[in-house]
Amino acid sequence: MHFGHNNLELSKSLHDKMSKIYIFQAIMIFVKGLIGVFVPVYLYKLGYSIIEVIIYTNLILLTYLLFIPLSVKLIRKIGFKYVLFLSIPLYILHITTLNFLNSGILFYHLAWLSFGVYMAIFWLAMHSEIALNGSSKHRSSELGTLQIITTIFATLAPIFGGFFLQYLGYYKLLIFSTFFLFLALLPLLF
């Protein structure tokens, strides 16, 4: 009898509107954790000073703030889900530019700019998608589940990312991450 109840709960969970967001968020957090935590160290290792790393971070935040109005216009024009789709190539651009930071200062600027625009577009659409698909009756449970998923995948990702970087290199991590970014889009398509 207890098994039947758990089976019903699993079936209900898989068909819940929030399930696609849980899967999408888990994969996105995992991919961002594979690379993101290492960016400041990577910049420093390449010879950028601590001040340049801080400037890099501040430029990302400034870009984020400046592009929020664009994100609102995009959401009004094409909708939350399509804005999330649009954000993925921006993140791929960001992680790709990191691979070419040795090639010149242009890639340094493309890296912070692409990540700042990505953040402005992604986070507003993501939070709106959660609000739209969530149930006001179960909001705290849904947000708690999302937070648990985020915490677990954000904790595990740097471990995998570190091993990947150590043994296979950044280029293979970039390919692996890009594959998972496209995989993250699948739940949103249905």
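The values are calculated or read from the model by the stated rules, or taken from the named source; none is laboratory data. Treat the numbers as computed from the prediction; the structure is a model and nothing was measured. Methodologically, a virtual Cβ is constructed for each residue, glycine included, from the backbone with ideal geometry; neighbour enumeration extends over all protein chains shown. Just the protein is used for accessible areas: all its heavy atoms, side chains included, with ligands, DNA and RNA removed. Shrake-Rupley method; radii C 1.70, N 1.55, O 1.52, S 1.80 Å.
Right, Ala154: of a type in the set (Gly, Ala, Ser) and crowded, with 17+ Cβ neighbours inside 10 Å or not? Taking the combined requirement at face value, the residue does not satisfy it.
If only residues of the stretch 62-103 that are open to solvent by less than 30 Å² (accessible area, probe 1.4 Å) and of a type outside the set (Val, Ile, Thr) are counted, the one that is farthest from the chain's Cα centre (by Cα) is Leu101. Looking only at residues of the stretch 10-61 that are of a type in the set (Lys, Arg) and under 20 Å from the mean Cα position of the chain (by Cα), we find that the one that is modelled with the lowest pLDDT is Lys17.
Only one of Ile121, Ile130 is touching a helix residue (DSSP H, G or I) at 6+ places or on another chain (Cβ under 7 Å), in a helix (DSSP H, G or I), farther than 30 Å from Ile51 by Cβ and β-branched (Val, Ile, Thr); which? Selected residue: Ile130, the only one of Ile121, Ile130 that is touching a helix residue (DSSP H, G or I) at 6+ places or on another chain (Cβ under 7 Å), in a helix (DSSP H, G or I), farther than 30 Å from Ile51 by Cβ and β-branched (Val, Ile, Thr).
Out of contact with any Lys or Arg (no Cβ under 8 Å at 6 or more places or on another chain), loosely packed, with under 11 Cβ neighbours inside 10 Å and under 20 Å from Val39 (Cβ atoms) - does that describe any residue in the stretch 129-142? Scanning the stretch 129-142, I find no residue that is out of contact with any Lys or Arg (no Cβ under 8 Å at 6 or more places or on another chain), loosely packed, with under 11 Cβ neighbours inside 10 Å and under 20 Å from Val39 (Cβ atoms), so the answer is no.
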